[in-house]
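Student: One structure coming up, written as structure tokens, with questions to follow.
The values are calculated or read from the model by the stated rules, or taken from the named source; none is laboratory data. This one's a predicted model, so the numbers in the text were calculated from it and none came from an experiment. Ideal geometry is used to build each Cβ from the backbone, glycine not excepted, and the neighbour counts take in all protein chains shown. Remember, those area values only see protein heavy atoms, side chains included, never the ligands or the DNA or RNA. Shrake-Rupley method; radii C 1.70, N 1.55, O 1.52, S 1.80 Å.
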Amino acid sequence: MAGCIAAMVGIVALSLDLGRTAITDTELKWAADAAALAGARQLDGQSGARDRARLAATGALSGSGVGLTANGDTFDPDTDAIEVVNVKFLTTLGPGEGTAGDVEATTDADAHFIQVVVEQTTVNHLLIHAVGGPASSAVQQSSVAGYGMAICNTPPLMICNPDETPTNKEVNLTPGMGILVKDGGGNKAYWGPGNYALLEIPGLPGVNNIREAFASLGGSPVCFGNLVTTEPGNPVAVNAGINVRFDMYKGVTAGLKNNPNYYPSKNVVKGLGYGRGGGATKCDPQTTGFNTWSGPGDPDGAELLQYPRDNCFYNGTCTRFGDGVWSKSDYCTVNYGDTSCAPVTSTKEMSTRYGLYRAEVESGEVPQQVSPANEDVTDLCYTADTWDNLKTGADVREEGFDTSADGPDRRVMVSAVVNCEEQKALGNLNGKKTVQVASWVLMFLTEAAGSYGDPPDQQELFFEVIREIDVAEDDAVAREIVQLYR
């Protein structure tokens with residue numbers, strides 16, 4: 001009987017005191033989670049983000065408890081809210097549940113995660129001490145949360161941040177800047193060894209799924225989050241999906257030209273023609289047989305000219321990133337016969353390629369080369385509709401653009417922006433790897449994928465920066481994410 005009573009007391013002691021300790025541990029974890037989530041919401045990469053996050057997690061005054069919550073510990077005689085005693089900001093999380101491999105943030109721009117530690121609480125044991133156990137247990141908890149966005153209905157693209165330095169990770173892409181997003185051949189072609197600007201669609205790996213996402217109206221069927229996985233390789237086949245947006249259907253995309261889920265943009269110019277040999281057709285226009293524009297100052301005799309690249313790409317003074325200076329006067333001379341595109345009017349800016357494109361679409365002006373007219377974009381390869389009835393798409397220059405009325409602008413894509421030097425240092429940009437997204441940017445597709453000049457390079461893909469995405473406003477493509485990681 002004595003032995004049974006002793007065992008029963010021991011079991012009750014363990015159940016009661018360890019139960020109280022477990023409840024306290026859970027309550028502390030809840031408080032840490034709440035504080036971390038409150039702080040993470042402020043980590044938008046803007047100036048003052050860490051100060052705002054610390055204030056949200058800890059409260060306005062020292063000792064005031066968790067700022068946006070009111071958490072208490074059931075078994076603590078002190079009725080004050082559980083207090084946050086330490087806050088740390090991280091740019092990268094190490095593998096697993098531990099802190100090994102965590103990289104502490106040094107700026108607001110690279111503070112992607114917040115680690116919150118709450119105060120240590122002592123649980124006084126009632127019975128364990130009577131059977132030889134400790135008189136109390138110390139309990140403490142921490143949590144890690146991060147803030148970012150999920151980008152939906154977009155093709156899987158990435159570029160590097162041109163402004164990245166060892167001390168500055170902020171993304172500040174200039175509207176109107178031209179970018180060679182995907183190049184072909186040679187070491188200069190990739191952003192990181194094996195990576196040529198393509199991302200893996202989550203759960204749907206492979207080139208065919210990427211091509212489908214570029215071609216289709218809905219883009220990727222899966223949203224992208226703060227962490228994305230690269231898709232190594234530089235397949236030409238991807239360009240066929242991109243060029244569907246230019247009313248170019250050939251090869252694997254030839255069967256899509258009557259499918260409403262793959263309608264083209266309301267293009268006004270492609271810089272491509274057909275009818276002069278070389279096998280070019282309206283479904284596969286080319287430059288064969290035409291006098292093409294060769295660079296700034298050369299409109300004389302040119303018969304075809306798409307939106308030009310930044311001048312520095314023609315004179316060799318830039319590699320991947322331009323400066324936004326392009327030959328609008330040459331474009332207007334070739335396509336309209338004057339240096340200002342006189343028939344085109346708009347109340348908005350027309351200095352960027354996207355601004356001019358929107359003005360042309362909304363004015364109903366279709367460039368017809370002055371003499372002779374070699375490109376008629378209104379004569380569609382797409383058979384399910386006419387050019388006049390194609391949707392013009394939403395103008396994305398203003399935050400909060402709405403795609404519900406007239407669909408998405410098919411000449412606009414979204415790209416992830418990555419701090420590539422930081423990711424390379426972590427070994428994350430060599431082959432198929434997961435990388436941290438610093439920002440997302442809206443870009444205008446300035447020309448068909450693959451240079452159709454002399455010689456042809458079917459790898460090239462040029463864009464113009466429109467602006468960065470505002471996660472709070474641009475809900476047509478962006479969703480806010482505040483997530484617990486540990």
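Student: Just grab the label-to-label distance for Ile23 and Asp300, each label 7 Å out from Cα along the Cβ direction, in nm (one decimal).
Tutor: For the pair Ile23/Asp300, the computed spacing is 9.2 nm.
Student: Average projected area of the Cα convex hull of segment 181-307, in nm²?
Tutor: Convex hull of Cα atoms, orientation-averaged projection: 10.0 nm².
Student: Which FRET efficiency, nearest 0.05, do Thr174 and Asn291 yield, Cβ-Cβ r, R0 35 Å?
Tutor: It comes to 0.60.
Student: Right, here's the next one. Rg (Å, one decimal) plus Dmax (Å, integer) for the alpha carbons of the chain?
Tutor: 29.0, 112
Student: Considering only protein heavy atoms, with the full assembly of protein chains and a 1.4 angstrom probe, order Tyr263, Tyr357, Tyr314 by accessible area, largest first.
Tutor: So, going from the largest accessible area down, we get Tyr314, Tyr263, Tyr357.
Student: Give me the number: length gained by fully extending Ala2 to Asn389, i.e. 0.36 nm times residue separation minus the C-alpha to C-alpha distance, one decimal in nm.
Tutor: 130.1 nm
Student: Could you size up the charge dipole of the chain around its Cα centre, putting +1 on the beta carbon of Lys and Arg and -1 on that of Asp and Glu, and report it in debye to the nearest 20?
Tutor: For the chain, the charge dipole is close to 1060 debye.
Student: Restricting to DSSP loop positions (anything but H, G, I, E, B) with no more than 13 other Cβ atoms inside 10 Å of their own Cβ, which trypsin sites (Lys or Arg not before Pro) remain in segment 257-307?
Tutor: Passing both the DSSP loop test and the Cβ count: Arg276.
Student: Rounded to the nearest 0.05, what FRET efficiency do Ala472 and Gln120 have when you use their Cβ-Cβ distance and R0 = 35 Å?
Tutor: In this case the efficiency is close to 0.40.
Student: Using θ = phi - 60° and the Karplus form 6.51 cos²θ - 1.76 cosθ + 1.60, what ³J(HN,Hα) does each residue of segment 267-281 get, whole Hz, x for Gly and Pro?
Tutor: Result, ordered by residue: 5, 10, 7, 10, x, 9, x, 7, x, 10, x, x, x, 6, 10 Hz.
Student: Dipole of segment 264-350, Cα-centred, from +1 at each Lys and Arg C-beta and -1 at each Asp and Glu C-beta, to the nearest 20 debye?
Tutor: Magnitude of the dipole: close to 360 debye.
Student: Counting pairwise Cα distances across segment 256-305, what percent come out greater than 12 angstrom?
Tutor: Of all Cα-Cα pairs in segment 256-305, 68 percent lie more than 12 Å apart.
Student: Next question, about the same structure. Within the chain, which DSSP H helices have Cα atoms that stretch 18 Å or more along the helix axis and a mean Kyte-Doolittle hydropathy of at least -0.5?
Tutor: TM-like helix candidates: 19-40.
Student: What is the gain in length, in nm to one decimal, between Thr229 and Ala138 on full extension, counting 0.36 nm per residue of separation less the C-alpha to C-alpha distance?
Tutor: Gain in length upon complete extension: 28.7 nm.
Student: Considering Cα pairs under 8 angstrom that are at least six residues apart, work out the relative contact order of the chain and quote it in whole percent.
Tutor: 17
Student: If you take the beta carbon distance between Leu217 and Asp402 as r and set R0 to 22 Å, what does 1/(1 + (r/R0)^6) give as a FRET efficiency, to the nearest 0.05?
Tutor: 0.85
Student: Here is the link list: Lys348/Lys391; Lys182/Lys270; Lys29/Lys169; Lys282/Lys391; Lys182/Lys250; Lys182/Lys432. Which ones come out longer than 24 Å on Cα distance?
Tutor: Among Lys348/Lys391; Lys182/Lys270; Lys29/Lys169; Lys282/Lys391; Lys182/Lys250; Lys182/Lys432, the Cα-Cα distance tops 24 Å for Lys29/Lys169.
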